[in-house]
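The next block holds one structure in the form of structure tokens; read it before the comments.
The values are calculated or read from the model by the stated rules, or taken from the named source; none is laboratory data. Because the structure is a prediction, the values reported are computed rather than measured. Methodologically, a virtual Cβ is constructed for each residue, glycine included, from the backbone with ideal geometry; neighbour enumeration extends over all protein chains shown. Quick note on the areas: whole protein, heavy atoms, side chains included, nothing else; ligands and nucleic acids left out. Shrake-Rupley method; radii C 1.70, N 1.55, O 1.52, S 1.80 Å.
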Amino acid sequence: MSEVIATNQTILVVGGGISGLTAALEAAECGKQVILLEKSPSVGGRVSQLHKYFPKLCIPTCGLEIQYRRLKANKNVRLITMAEVTGISGAAGNFTVNVKVAPRYVNENCTACGECEKAVSAEFPDEFNYGMKQRKGAYLVSHMAYPQRYVIDPRIVGTDDGEKAKAACKYGAVDLGMQEQNLSLNVGAVVWATGWKPYDAAKIQPYGYDRYENVISNVEFERMLDPFGPTGGKIVRPSDGQAPKNIAFIQCAGSRDVNHLKHCSRICCMATLKQTTYVRDQLGDNCKSTVYYIDIRAIDRIDDFHRKVKEDPNVTFVKSKVANIVAGSGDNVVLKGVDTEGYKRYANEHDLVVLATGMESTVPAGVFPAGVPINEHNFIDLDSDCGIYGAGCSSDALDVNRAAQNATAAALRAIQVVNRVAGQEG
């Protein structure tokens, strides 16, 4: 890695998902110097793992391609992948940020030809697909990865597989001698955009995610629909690979619950409504969908999308917080609870269950200096003047559209800070 130059008029953006990309590009296109850090080998974040956006049901890759093109063209942004912030000290206008950069073991000579991947045999759970399939020890994060550069898993470094990967590369791109680097950056403002992670469904013990093979999360269901995903774009039951005939979608799985996440994750209702359209499009009348919900929170004009889904005769809505899930016949499961519209007890059998797991903040503990306002849900308050601003889902549970808007606001706050620094030094 070449020398990283930063000054107190530089803006640091942490996280390369849709919010981080937006904040970095908005600031850079205003003429500011920006360093963009991403913990994984590729930018794109959770959006890159989606099949479609709601409510227009368009494919996210088109929007990401635009952001990638802007990123490639803008010389004011320095992207550093596989980078993690370990500590921040100082105050607005003069922060010192310590960063740990993990080795990729592949340099910029890489052409993404894939010969290193073909040469190795070791396989590991694929993080991009939530462990639903395996990937090689030499891999490209996804077909849309940016940078379009391979990664060598550190577990094969020092093994025969590692040497095979190196020997297979015609361009001298595999560098097994790369070492971890530690950077110290002086920046004027920080935009924190590390996004969210799906709440661990295994913690919701009554729903049996860790006991029943055909109970999955909504993010896993989303990956099924990707033609490059773990099932080649097919909706199937994990237990037998067969198409389901009766799917249950359970809302607020871990959200709005004092035992799990107290906040409403906002996107879950719309994500489920969207996913029922996947079922309709792929399986038609051969599969029924049942949505178990407390209440449907479909905001703004998106309520029209809710009404459209309700008109589908293959989709049924049951107003109920599912109490628990037990084993049914074969690999099926039985949902038990009370339908609050009429207060009828039910024990309904389904052959696949999709849990609408909530959005959990990834804002870390012990990294920020005193004064950064973090609320009870572990989100960073944007309305402060501390010089560190949460963007997107680091500031609240937001859908993609609102996350991008929020990131623009965070970028503007950061620009104000570095402008003040420039004014004081001018």
Check your understanding: Taking strands (runs of 3 or more DSSP E) that fall entirely within region 283-345, which contain at least 1 residues that are touching an Asp or Glu at 6+ places or on another chain (Cβ under 6 Å) and free of Cβ contacts under 8 Å to residues at least 40 places away in the same chain?
Key -> 315-319, 333-339
Practice item. Please go through region 88-100 and pick out each residue that is assigned to a strand (DSSP E or B) and open to solvent by 10 Å² or more (accessible area, probe 1.4 Å). Key: I88, S89, G90, A91, N94, T96, N98, K100
Check your understanding: Taking G330, is it at pLDDT below 95, exposed (fewer than 13 other Cβ atoms within 10 Å of the Cβ) and over 27 Å from D210 (Cα atoms)?
Key -> no
Check your understanding: Out of all the residues in region 8-15, is one or more β-branched (V, I, T), out of contact with any Asp or Glu (no Cβ under 7 Å at 6 or more places or on another chain) and part of a helix (DSSP H, G or I)?
Key -> no
Point to revise | Meets criteria (crowded, with 18+ Cβ neighbours inside 10 Å and in a loop (DSSP other than H, G, I, E, B)) for S121 | key: no
Exercise for review: Exactly one condition in (1) farther than 30 Å from N286 by Cβ; (2) at pLDDT below 95 is not met by E341; state its number.
Suggested key: (1)
Check your understanding: What's the number of the condition I415 fails, among (1) open to solvent by less than 40 Å² (accessible area, probe 1.4 Å); (2) free of Cβ contacts under 8 Å to residues at least 40 places away in the same chain?
Key -> (2)
Review point. Does C264 satisfy the condition of being out of contact with any Asp or Glu (no Cβ under 8 Å at 6 or more places or on another chain), open to solvent by 30 Å² or more (accessible area, probe 1.4 Å), in contact (Cβ under 8 Å) with a residue 60 or more places away in the chain and within 16 Å of A397 (Cα to Cα)?
Key: yes
Review point. Taking the condition under 25 Å from G387 (Cα atoms) and open to solvent by 30 Å² or more (accessible area, probe 1.4 Å), does E38 pass?
Key: no
Study note, to complete from the structure: The one condition K75 fails out of (1) part of a loop (DSSP other than H, G, I, E, B); (2) farther than 24 Å from A414 by Cβ; (3) not hydrophobic (A, V, I, L, M, F, W, C) is (2)
Check your understanding: Looking only at region 392-426, which residues are in a helix (DSSP H, G or I) and over 30 Å from R297 (Cβ atoms)?
Key -> A414, I415, Q416, V417, V418, N419, R420, V421, A422, G423, Q424, E425
Check your understanding: Can you tell me how many residues in region 290-326 are at pLDDT 95 or above, small (G, A, S) and open to solvent by less than 50 Å² (accessible area, probe 1.4 Å)?
Key -> 1
Check your understanding: Which strands (runs of 3 or more DSSP E) sit wholly inside region 143-204 and have at least 1 residues that are without any contact (Cβ under 8 Å) to a residue 24 or more places away in the chain and either aliphatic (A, V, I, L, M) or surrounded by 21 or more Cβ atoms within 10 Å (Cβ to Cβ) (or both)?
Key -> none
